[in-house]
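**Q** I have a structure I would like to understand better, so I am pasting it below and will then ask my questions one at a time.
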Amino acid sequence: IRKIGLLTSGGDAPGMNAVIRAVVMTAAVQGIEVIGFSHGFNGIFSNEFQQLHRAQVLHIIQQGGTILKSARCKQLEQPNGPAQAAELLHKNGIEALIVIGGDGSFRGCQAIAPFYQGQIVGIPGTIDNDVDGTDFTIGFATALDTALDAIDKIRDTADAFERIFLIEVMGRHTGYLALAAGIASGAEQIICPEYGDVDVVDLQRDIQQLQQQFGRSSYIIVIAETMYPAGATALAAELTKATSIECRACVLGHLQRGGSPVGSDRILATKLGAYAVEQLLLGNAHLMMAGEQGGQAVLFPLSLTGDKKKQTDRYLLDWQERMLQDSSPRKV
Ligand code: F6P
């Protein structure tokens, strides 16, 4: 392999730059050229690319975002999009492609594969952690710390006013980030897909029972986006009406996507970036994702990354539920 294509796709995640750095550095010592496409798969169609040199990436490990820019790509979803993308990759002499992104981006890889002669390998970069075949995705640990920083601050003001706060975190249709942020912030309640639908009457009862038992105090509910279709602000208004206790909402939103990656994300990014290049060179990586399981770098089929079989921590889910039941007869 003489030339590898590289792109970042879908929701950006802290640590994507650290992957870019690791890929370019690992390839450079083998004398392999890395071509970085801009704006995800769009860069293939628009011929927006540049050769990435070691000097450009040496000091980007600490930077959030992605120097290659990211995007979702409508053109790839057109009937002849994948074939066209493959043709352009061939035309530009790209002998293998590395895609950093989530399961949506990996579906893009699989769409191109039947028309493309080189290997395509994925590296999991998303704050959602919703990719099968890897214990953690790059960016999740940083997003968690960002959410915690915000929730800890909200706890101060919630305590001062003895208010109920609903804090909405990202995660698309999954609850990995909500569960982790709820547990680590000591939230009174977590609303995420694993616990089932929101029931305002149950919520009201849980809050009132806890407050009867321990007196009035702040009450933090971490809620995964999409759990309440009208949004956390609407749910807060409903709860205020139901409990007569002031309830506020805070949607953390895209804050969670930014910032300098934490140490564990930088390390995971470096490991998976280097591993992806090495496995490509060995010829093992076609339609595989470079992930990490039990501390070991592993290859996992891209076709299985979106199966949503990854378990959230059952032990912590149950523990959190028991803590709630301690003040409430509710059975889940
Ligand atoms: O997949 C990452 C993510 O941040 C999700 O958590 C969220 O649902 C989505 O992307 C938001 O997408 P956009 O930036 O397009 O609004």
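**Q** Rounded to the nearest 10 degrees, what's the angle between the helix 140-161 long axis and the longest principal axis of the chain, both from Cα atoms, 0 to 90?
**A** Approximately 20 degrees, to the nearest ten.
**Q** Of T142, T270, T312, which is the most mobile in a GNM of the chain whose springs link Cα atoms less than 10 angstrom apart?
**A** Most flexible of the set in this elastic network: T312.
**Q** With an 8 Å Cα cut-off and a minimum separation of 6 or more residues, compute the relative contact order for the chain in percent.
**A** RCO, the chain: 23 percent.
**Q** List the GluC sites (Glu not before Pro) within region 121-217 that fall in a DSSP loop (any state other than H, G, I, E or B) and whose Cβ has at most 15 other Cβ atoms within 10 Å.
**A** E162
**Q** Scan region 77-127 for chymotrypsin sites (Phe, Trp or Tyr not before Pro) in coil per DSSP, keeping those whose Cβ has at most 14 other Cβ atoms within 10 Å, and list them by number.
**A** Of the chymotrypsin sites (Phe, Trp or Tyr not before Pro), not one in the loops of region 77-127 has a Cβ with at most 14 other Cβ atoms within 10 Å.
**Q** Further question: GNM on the chain, C-alpha springs below 10 Å: top fluctuator among G294, G108, G306?
**A** G294
**Q** Arrange S303, S38 by Cβ neighbour counts within 10 Å, fewest through most, would you?
**A** The most exposed by this proxy come first: S303, S38.
**Q** What are the extents of the Cα atoms of the chain along their three principal axes, listed from largest to smallest and rounded to whole Å?
**A** Taking max minus min along each principal axis of the Cα atoms, the chain gives 69, 40, 33 Å.
**Q** Sort S9, S218 by Cβ crowding within 10 Å, fewest neighbours at the top.
**A** S218, S9
**Q** Give me V23, V34 sorted ascending by neighbouring Cβ count inside 10 Å, so fewest comes first.
**A** V34, V23
**Q** Among rounded, prolate and oblate, which fits region 47-130 when a ≥ b ≥ c are the square roots of the eigenvalues of its C-alpha gyration tensor, a/c under 1.5 means rounded, and a/b larger than b/c means prolate?
**A** oblate
**Q** Let me ask another. Taking the chain as the reference, fit the longest principal axis to its C-alpha atoms, fit the long axis of helix 81-91 to the helix C-alpha atoms, and give the angle between the two in degrees, 0 to 90, nearest 10.
**A** Tilt relative to the chain: about 40 degrees.
**Q** Of the candidates G283, G118, G64, which one comes out as most mobile in a Gaussian network treatment of the chain with C-alpha springs shorter than 10 Å?
**A** G283
**Q** Now for a separate question. Give me the one-decimal nm value for the distance between modelled label points at Q311 and T226, 7 Å along each residue's Cα-to-Cβ direction.
**A** Each label point is offset 7 Å from its Cα along the Cβ direction, giving 2.3 nm.
**Q** Based on the Cβ-Cβ distance from S217 to H254, what FRET efficiency comes out when R0 is 22 Å, to the nearest 0.05?
**A** The value I calculate is 0.10.
**Q** Any idea what the dipole of the chain comes to, in debye rounded to 20, about its Cα centre with Lys/Arg Cβ at +1 and Asp/Glu Cβ at -1?
**A** Computed charge dipole of the chain: roughly 740 debye.
Bear in mind these aren't lab numbers, they're just calculated from the coordinates by the rules spelled out. Note that the structure is a prediction, hence the values are computed from the model and not measured. Cβ atoms come from the backbone with ideal geometry, glycine included; neighbour counts cover every protein chain shown.
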